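I have placed the structure first, in the form of structure tokens, so that the comments after it can refer back to it.
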Amino acid sequence: MGDRSAGGAGSDAAAGAPEAWAEAVVAGLAGAKAAERALGEALRPAMSLKEEKAQRRAEAVRAAAMGLGAAGCASAAGVSERLLASWRAEDPVFDAALSTARSLAHVHDVVPDVATNPAVLKVALDAILRGVPFIEAGALVGVKRDTFYRLRRGNPQLGALFGAAQNLRRRGASPGRKRKAGLKGYRLVRLDASESPGTDPDA
């Protein structure tokens with residue numbers, strides 16, 4: 001019918017052919033990340049460490065507003081929990097922003113449920129696309145191992161999305177990159193022009 005919404009058509013596609021639908025959705029997520037990286041590259045060397053940190057902190061605050069904890073906020077920002085904790089310790093304003101965002105989620109009953117909250121699901125899928133193992137991706141968004149497996153088995157759309165993310169990651173990752181999956185050892189290394197080479201890039 002001509003008056004059917006795009007969302008309804010997408011829902012029908014997910015129900016009728018979840019694998020093909022999921023592959024298209026996950027490819028879109030991966031493409032958006034690639035475009036984001038390309039924009040960053042286009043602005044270098046003009047974009048300084050300060051701007052990059054500001055972008056990552058904004059992603060962490062957004063994740064906190066969705067009710068995610070420290071692990072989920074760090075994953076959304078693309079940094080380790082250790083680095084996120086360091087930023088909070090050194091910047092009281094950022095720390096307050098994260099706390100306020102979490103309070104906002106609590107007051108408005110925003111539940112970080114991967115099965116009902118698209119922003120939380122995106123954090124999990126992005127983590128899988130980076131090479132984070134399936135179970136660890138669930139832990140990042142606060143889902144226990146057994147619950148995460150049940151979600152995958154019990155919801156065809158979620159199962160297809162997780163499978164598509166894993167398949168795309170496997171196709172795009174070399175053996176060496178697979179061993180380095182996740183966020184371990186992440187560091188921001190570019191310096192502002194005004195910073196000396198001896199400055200700690202994590203500071």
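Since every read-out is calculated from the coordinates, none of them should be taken as a lab result. Nothing here was measured: the structure is a model prediction, and the numbers come from that model. Every residue, glycine as well, gets a Cβ built from its backbone with ideal geometry; the counts of neighbours run over all protein chains shown.
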message = Could you work out how much longer the chain between Arg171 and Leu43 gets when fully extended? Use 0.36 nm per residue separation minus the Cα distance between them, nm to one decimal.
response = 43.2 nm
request  = Could you tally the net charge around Asp126, taking each other residue with its Cβ under 15 Å from the Cβ of Asp126, Lys/Arg +1 and Asp/Glu -1?
outcome  = +4
key: Cα-based shape type of segment 47-111, given that a ≥ b ≥ c are square roots of the gyration tensor eigenvalues and the cut on a/c is 1.5   = prolate
